[in-house]
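Taking it in order: structure first as structure tokens, then the write-up.
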Amino acid sequence: MNETERPNPSRGLFETLLVANGAPVELDAHLQRLARSAEELFGAELPGDLAAAAEGACEGIEIGRLRIEIEPDGEGGFERRLLAAPIDPAFSFPDRAHGELLRSVDAGAWSGAHKWTDRDWLERTEARLGEEIPLLVDAEGNVLEAGRANVFAVLNGALVTPPADGRILPGTARAATLALAANLDIEAVERPLPLAELRDADEVFLTSSVRGLRPARRLDGTDLPARTHLTERLATALQARWLSAPSTQP
């Protein structure tokens, strides 16, 4: 498949958050992103009680996942649905043995700037690939993102990640990783990332809001290098940021 499909706007938007110690992690960042999409796509504001509802849904969950969905109500506002549930702690920040197997996919007209509830094309692609996950590539051969995660490469001791140019999701975990890299004096560059360059990287990893920072161990059937000390530092810092005081992080 080399052509993506336009999502059905009537199905609305969603956010998925990690829950730690009874609170949603990076809640403000997720709601700000959701609010921008709601305003840009529908010209409407989020329900005023959404933050309180999200916090309430997570009470008593030590490690889990929260999904927030909003759907146009036909009257200029949104209906909301929230579902929080525990997860296996090993699901987040997995080790290399449980790293991802990537398969490059021609994404055609992919535009992932908003988290549409309608993800039929992506779900069909995932079903076709089985245990591999899609690595979305544009018509020029540049990596955009993984199906549900942002992509980073380690090249010559620096991080490289595709730019948030309106085609990829400006991930909260991506933003946190870039901020931590700056704090740790790790060089990070946002620029086009050719697939050929990714194949030659010192390491490839993904970031997402529930699974955190996780290694990619294979690309198109070829093994990728093991985790470097640089990403060990980043993973440790991100885990500490999320699990120590999740409800207060900027």
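Return yes when LEU169 is out of contact with any Cys (no Cβ under 7 Å at 6 or more places or on another chain), not in a loop (DSSP other than H, G, I, E, B) and not small (Gly, Ala, Ser) and no when it is not.
no
Select from region 176-222 the residues that are over 22 Å from TRP242 (Cα atoms) and of a type outside the set (D, E, K, R) and list them in ascending order.
Matches in region 176-222: VAL189, PRO192, LEU193, PRO194, LEU195, ALA196, LEU198, ALA201, LEU219, GLY221, THR222.
Hey, among the residues in region 105-133 that are assigned to a loop (DSSP other than H, G, I, E, B) and among the basic types (Lys, Arg), which one's modelled with the highest pLDDT? I'd like the intermediate steps shown before the answer.
Our first condition is that a residue be assigned to a loop (DSSP other than H, G, I, E, B); within region 105-133, this holds for 107-115, 117-119, 130-132.
Filter once more, so that each one left must be among the basic types (Lys, Arg): 115, 119.
Values: LYS115: 94, ARG119: 89.
Here the residue is LYS115.
Filter region 37-78 for residues that are among the charged types (D, E, K, R) and loosely packed, with under 13 Cβ neighbours inside 10 Å; which is farthest from the chain's Cα centre (by Cα)?
Restricting to residues being among the charged types (D, E, K, R) and loosely packed, with under 13 Cβ neighbours inside 10 Å, the top hit is GLU75.
If a residue has to be modelled with pLDDT under 95 and among the acidic types (Asp, Glu) to count, how many in region 1-39 make the cut?
Number satisfying all stated conditions: 2.
Tell me yes or no: at least one residue of region 204-216 is assigned to a loop (DSSP other than H, G, I, E, B) and over 18 Å from the mean Cα position of the chain (by Cα). Show your work before the answer.
Taking region 204-216 as the starting set, the residues that turn out to be assigned to a loop (DSSP other than H, G, I, E, B) are 209-211.
Okay, now just the ones that are also over 18 Å from the mean Cα position of the chain (by Cα), so none.
Looking through region 204-216, none of the residues is assigned to a loop (DSSP other than H, G, I, E, B) and over 18 Å from the mean Cα position of the chain (by Cα).
With in contact with a helix residue (DSSP H, G or I) (Cβ under 6 Å, 6 or more places away or on another chain) and crowded, with 16+ Cβ neighbours inside 10 Å as the only criterion, which of ARG148, ARG103, ARG214 stands out? If you could, list the steps in order and put the result at the bottom.
Details: ARG148 fails: in contact with a helix residue (DSSP H, G or I) (Cβ under 6 Å, 6 or more places away or on another chain); ARG214 fails: in contact with a helix residue (DSSP H, G or I) (Cβ under 6 Å, 6 or more places away or on another chain).
Within the list ARG148, ARG103, ARG214, the selection yields ARG103.
Residue-by-condition table, conditions (1) of a type outside the set (A, V, I, L, M, F, W, C); (2) touching a Cys at 6+ places or on another chain (Cβ under 8 Å); (3) in contact (Cβ under 8 Å) with a residue 12 or more places away in the chain:
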| site | (1), (2), (3) |
| --- | --- |
| ARG11 | yes, no, yes |
| THR16 | yes, no, yes |
| ALA23 | no, yes, yes |
| HIS30 | yes, no, yes |
| LEU34 | no, no, yes |
| ALA44 | no, no, yes |
| ALA51 | no, no, yes |
| ALA57 | no, no, yes |
| ILE68 | no, no, yes |
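Hey, can you tell me all the residues within region 26-52 that are assigned to a helix (DSSP H, G or I), of a type in the set (A, V, I, L, M, F, W, C) and over 14 Å from GLU15 (Cα atoms)?
So the first thing to find is which residues in region 26-52 are assigned to a helix (DSSP H, G or I), and the list is 27-42, 50-52.
After this cut, where a residue has to be of a type in the set (A, V, I, L, M, F, W, C) as well, the list is 27, 29, 31, 34-35, 38, 41-42, 50-52.
LEU41, PHE42, ALA52 - these are the residues of region 26-52 that are assigned to a helix (DSSP H, G or I), of a type in the set (A, V, I, L, M, F, W, C) and over 14 Å from GLU15 (Cα atoms).
Return the only residue of LEU159, LEU102, LEU136, LEU144 being more than 21 Å from PRO24 (Cβ to Cβ), in a strand (DSSP E or B) and touching a Pro at 6+ places or on another chain (Cβ under 7 Å).
Of the residues listed, the single one that is more than 21 Å from PRO24 (Cβ to Cβ), in a strand (DSSP E or B) and touching a Pro at 6+ places or on another chain (Cβ under 7 Å) is LEU144.
The values are calculated or read from the model by the stated rules, or taken from the named source; none is laboratory data. Bear in mind the structure is a predicted one, so any value in this text is a computation, not a measurement. Here the Cβ is made from the backbone with ideal geometry for all residues, glycine too, and neighbour counts use every protein chain on show.
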